[in-house]
1. If you roll a 1.4 Å probe over the heavy atoms of the protein chains, what accessible area per residue do you get for the chain, in Å²?
2. Subtracting the Cα-Cα distance from 0.36 nm times the residue separation, let me have the gained length for residue 149 to residue 200 in nm, one decimal.
3. Could you check the simple spin-label distance between residue 124 and residue 78, using points 7 Å along Cα→Cβ, in nm with one decimal?
4. Work out how much length residue 87 to residue 20 would gain on full extension: take 0.36 nm times their residue separation and subtract the Cα-Cα distance, in nm to one decimal.
5. Over all directions, average the projected area of the Cα convex hull of the chain and note it in nm².
6. Using protein chains only and a probe of 1.4 angstrom, how many square angstrom of residue 41 are accessible, to the nearest 10?
7. Which of 180, 37, 204 sits farthest toward the positive end of the charge dipole of the chain, with +1 on the Cβ of Lys and Arg and -1 on the Cβ of Asp and Glu?
8. Just the number, please: carbon plus sulfur as a percent of the accessible area of the chain, 1.4 Å probe, no ligands or DNA/RNA counted.
Amino acid sequence: MRNPSPPPGRTGRPGRPRSAAADAAILAATRDALVELGWSKLTMGDVSTRAGVAKTTLYRRWAGKNELVVDAVAELFDSLELPDRGSLEADIENVVLQFAALLRRPEARTALMAVVAESTRDEALRDRIRSAIVDRQKRLVVLGRERAQARGELPYEEDEELACRTTDLIFDVIAGTVVHRALVSSEPVDELWVATFTALLMHGLRGPALA
């Protein structure tokens, strides 16, 4: 099975040391500026002022606003975790609730919706979203399936290509449903909804097998 993509490369001078603190400040400033200004009014100058760094510092790290905003979103999504809850069902419920809580944060909602909307007109931006956010977050699906297989809850797949397609489908179903529920329909993603959704995911449209 292919590994989730590593963090996207950023522009930079070879050998120049990076400051993790400066990166964190820049990404946080980007999210704050997006909430306050929106995509169209956001500039690299706004971010540099808020972060307290020179504009040249930004351009040494990111080629432009598109890359910077995607990385600011990706940093939020990288905080998602999949602690072992003892069963596949419990693992799914936990990560979906984490995801929903993340989407309730104004900076996450605004940033994600902004980059997705802009990507409809920018193929390079779509590619960056895929590599920096989507492919990296598939790590959670890979980990969850591996645990479930080790517990005997899911069968192992010998065909690597089929396993990758299954990983993609699981990710699309979970992420797509939660994003639509939270951001498009603006309906609550609470524990009852998550339990119902997880049951549907586990048992399919036919429902749980009768004893």
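The values are calculated or read from the model by the stated rules, or taken from the named source; none is laboratory data. Here the structure is a predicted model, which means the values were calculated and not measured. Note: ideal-geometry Cβ built from the backbone for every residue, glycine included; neighbour counts use all protein chains shown. These accessible areas exclude ligands, DNA and RNA; they are computed on the full protein's heavy atoms, side chains included. Shrake-Rupley method; radii C 1.70, N 1.55, O 1.52, S 1.80 Å.
1. Accessible area per residue: 55 Å².
2. Difference between extended and current length: 16.4 nm.
3. Distance between the two pseudo-spin positions: 2.2 nm.
4. Extending this stretch completely gives an extra 20.5 nm.
5. Convex hull of Cα atoms, orientation-averaged projection: 14.0 nm².
6. About 140 Å², rounded to the nearest 10.
7. Going by the Cα projections, it comes out as 37.
8. The nonpolar share, carbon plus sulfur, comes to 55 percent.
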